[in-house]
Amino acid sequence: MDLTPNLFEEEIVEAMRAYDKYIVCLDKTPEECRASIVSLMEKAIKTYLTRGPHLRHGIALDRELTIILSQTDHERPLCGIYFNLHSPYKKKPLSPKARKED
């Protein structure tokens with residue numbers, strides 16, 4: 001079986017539906033999100049195809065998305081597309097040096 005992002009079009013379409021309905025993203029437009037999904041899918045496929053003999057997954061991620069391809073008993077791997085939830089407004093913790101200066 002030739003693994004390409006097109007093989008996982010159903011999962012990509014479902015992820016885009018979730019993006020349109022639930023995800024508030026300040027960094028990516030829907031078109032940029034889809035391009036990121038396809039790019040990460042290509043990386044996950046490459047990782048999956050070159051994984052070690054005892055490994056079962058191919059994973060690719062960026063700040064907003066994680067894609068996991070998991071080996072099954074069938075030729076086609078399972079595909080999971082996850083949105084990494086975070087807030088750009090969350091304050092970073094102060095370093096110990098900065099805390100002492102207060």
Starting from the Cα-Cα distance between E9 and A35, subtract it from 0.36 nm times their residue separation and give me the gain in nm to one decimal. 8.1 nm
Please give me the summed charge of the neighbours of E64: other residues whose Cβ is under 11 Å from its Cβ, Lys and Arg +1, Asp and Glu -1. -1
Mind checking the dipole of the stretch 1-67: about its Cα centre, +1 per Lys or Arg Cβ, -1 per Asp or Glu Cβ, Debye to the nearest 20? 320
At 7 Å along the Cα-to-beta-carbon direction for both R56 and Q71, put a label point, then send me their distance in nm to one decimal. 0.9
Sorted by average packing, counted as other Cβ atoms within 10 angstrom per residue and highest first, what order do 4-17, 30-43, 57-70 take? 57-70, 30-43, 4-17
Taking just the alpha-carbon atoms of the stretch 3-58, what radius of gyration and Dmax come out, in angstrom? 13.2, 40
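The numbers here are math on the coordinates, done by the rules we state, and not lab data. No experiment lies behind these values; they were computed from the predicted model shown. Ideal geometry is used to build each Cβ from the backbone, glycine not excepted, and the neighbour counts take in all protein chains shown.
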